[in-house]
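So the structure is just underneath, and the comments pick up after that.
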Amino acid sequence: MAHSKETGQLADEELLRYARQILLDGWDIDAQLRLKASRVVMIGAGGLGCPASETLVRAGLGRVHLIDDDVIEASNLQRQTLFLPEDIGKPKALTAAQMLTKINPLISARGTVARLSEDNAYELLDMASGKPDLLLDCTDNFATRDIINRISVRYQIPLLSASAIAMQGQLALYEPQLDTGCYHCVFGSVVLDAEADERTCANSGVLASTTAIMGNLQANAALQYLGLTKNPLTNKLLIWDGSQMQQRMMGYRKDAYCPICAKH
């Protein structure tokens, strides 16, 4: 689980802004302080990254770092909620970070225009300053998710991975530091399937509500993990089907022969 961080205190303006949250049963000032002290790195500032980061920032996440090498296009505006028509052509990561800072000036948000890889991960994740508390995978293809998973396992950083396409989505929270399995344990060789990797929002379509729902489910899991030190998805894959308005859980176990995490 995320380690306890309860240093510091909440300013009056923070107490006012987060009052409805602090009133919740099971969520108190200590939970809010842990959230304030947390640092999240989000890979992808698009359909999933926009709603997930906005909800986390509104809730009081202390620091968020968005990594994305793409620019905003007109077709993004249907679902990427941090962008406006006048933002077309601008870098997603920088534009999203600026908007998040406007939404909540009490937090720290920054963007980096780059494509994350195993070679640049140490630098981009600012590992010299310590590990992030959580990685959020908000990308849209298997190949990139596989790279993020390898980075998560290599540096033993919890990974909250979401996907959304058409009217369906999936969500899982992997904890490599607890040796309970990784993304590859669940999806196996599909991450190497070139045909599967080509199915993205750009060529398969996605309903605007699908990314909004999955991004907020991702934020919900992140809030519990960071604020309450609780993984609501331990060894579970959440599967959401918007066309049937159904949600179910599928259990999984660590693959003892997983080429990614077994050696750890």
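The values are calculated or read from the model by the stated rules, or taken from the named source; none is laboratory data. In this text the structure is predicted, and so the values were computed from the model without any measurement. Please note: Cβ atoms are built from the backbone with ideal geometry, for glycine as well, and neighbour counts cover all protein chains shown.
Surrounded by 20 or more Cβ atoms within 10 Å (Cβ to Cβ) and out of contact with any Gly (no Cβ under 7 Å at 6 or more places or on another chain): is that true of residue 89 in this structure?
no
Restricting to helices (runs of 4 or more DSSP H) lying wholly in segment 41-126: which have 1 or more residues that are of a type in the set (Gly, Ala, Ser), out of contact with any strand residue (DSSP E or B) (no Cβ under 8 Å at 6 or more places or on another chain) and farther than 23 Å from residue 210 by Cβ? Explain how you work it out, then say what you get.
Details: elements: 49-59, 92-103, 121-124.
It comes to 121-124.
Residue 80 - would you say it is polar (S, T, N, Q), surrounded by 22 or more Cβ atoms within 10 Å (Cβ to Cβ), modelled with pLDDT of 95 or more and over 22 Å from residue 129 (Cβ atoms)?
yes
Which ones in segment 139-174 are of a type outside the set (A, V, I, L, M, F, W, C) and over 18 Å from residue 219 (Cβ atoms)? Talk me through it step by step, then tell me what you get.
Of the residues in segment 139-174, the ones of a type outside the set (A, V, I, L, M, F, W, C) are 139-141, 144-146, 149-150, 152, 154-156, 158, 161, 163, 168-170, 174.
Correct list: 141, 144, 145, 146, 149, 150, 152, 154, 155, 156, 168.
Would you mind telling me which numbered condition in (1) over 22 Å from residue 241 (Cβ atoms); (2) buried (at least 23 other Cβ atoms within 10 Å of the Cβ) residue 155 fails?
(2)
Criterion first (among the polar types (S, T, N, Q), modelled with pLDDT of 95 or more and assigned to a helix (DSSP H, G or I)) does residue 170 satisfy it? Show your work before the answer.
Values: among the polar types (S, T, N, Q): yes; modelled with pLDDT of 95 or more: yes; assigned to a helix (DSSP H, G or I): no.
No, not satisfied.
Which of (1) surrounded by fewer than 22 Cβ atoms within 10 Å (Cβ to Cβ); (2) touching a Ser or Thr at 6+ places or on another chain (Cβ under 7 Å); (3) of a type in the set (Gly, Ala, Ser) does residue 75 not meet, given it meets every other one?
In the conditions (1) surrounded by fewer than 22 Cβ atoms within 10 Å (Cβ to Cβ); (2) touching a Ser or Thr at 6+ places or on another chain (Cβ under 7 Å); (3) of a type in the set (Gly, Ala, Ser), residue 75 misses (2) alone.
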